[in-house]
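Single-structure report; data block below.
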Amino acid sequence: MKPAARDRIGGKRRRVGTDRLGDMPDCLLHDVLSHLGSRQVVQTSVLSRRWTHLWRDVVRANVVIDEREFAGNKRESFEDFADHVVPSSVPPETPHLDTFRLNLVRRGTFWPGSFADRDRWIGRALHRVPAAVDIRAAHAGTICWRPHRSDATGWCTRRLTTLRLVRAVLSPDFLEYVGTYCPALEDLHIESCRIKNHLVVASPTLRSLAFLDPIACDRLSITAPRLAHLRLAGFTARALLEEESLDFVVLDSLKTLILEGCEVGAKFQALTAILPNTPNLEMLGLHHCRVIH
């Protein structure tokens, strides 16, 4: 390491340290940047020539979009920022993403934007084959989630182990074929999303599943032999008791079942139908559930 330089200020010697951060290898700097927000990561590009492109290789992308900051005449700034964080093309050697987060937060006046813009950013991020995706919107119908395919390597969601969607519109067959689109998926969280009436979930790898306050869903069928944790919120007694709903025969691995704000039927019919088919259940939680007489 180079010796520290010295200069005089007011007659006193001051020690000027070397750029120890700049002496780090790229892999360590990538790890440091991965703990910053996307805007801060991009801003590091002005530090020096070496930092100009370091942010592009950061393995985590945390895109937080506040509609209050990009309303009115700042909409173009928002679009430029989002396009900068998830560019249309990246070098072939660019590493896969560890995590991609997109958060549309309503503050004050709502700016509706368009599906095209948001689908473009999501698609670009997915083409970097992330291992975890967390997409949230303040308004139902703001974001449309659909699987993306790369002609060269297959589904862009093939590395996904964790997927969290809040207030999104799901493509009709995504959950039914989630085992094909996301062959490594272990943790799935769907909240306040618009789903077709009969919700079918089939995955050989899923271990944790949460469905909270679904929109337009009155039946639920689950085929997930490894599922150990299930959390449901806002389901009616009909959805829990309908023939072929909640196919618990394949849930022998279930350890934890949490029901929140659900209708459990007269005399807890939903529970009497569920419990005999979950022989390894260790924990049952009922929160604000309703008994319908």
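The values are calculated or read from the model by the stated rules, or taken from the named source; none is laboratory data. Quantities reported herein were computed from a predicted structural model and do not represent experimental measurements. Glycine also receives a Cβ, built like all others from the backbone with ideal geometry; neighbour counts cover every protein chain displayed. We work out accessible area using only protein heavy atoms, side chains counted, and drop any ligands, DNA or RNA first. Shrake-Rupley method; radii C 1.70, N 1.55, O 1.52, S 1.80 Å.
Summary of computed values
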quantity	calculated
ASN277-ARG238 FRET efficiency (beta carbon distance; Förster radius 22 Å; 0.05 resolution)	0.75
Most to least accessible of ARG49, ARG290 (protein chains only, probe 1.4 Å)	ARG49, ARG290
Spin-label proximity, VAL90 to the range 131-152 - amide N less than 18 Å from point 7 Å beyond Cα toward beta carbon	131-135, 148-152
Quotient of Cα Rg and 2.2 N^0.38 Å for the range 133-260, N being how many residues it contains	1.00
The range 131-199 - Debye-derived log10 I(q)/I(0), Cα point model, q = 0.21, 0.23, 0.28 Å⁻¹	-0.89, -1.05, -1.37
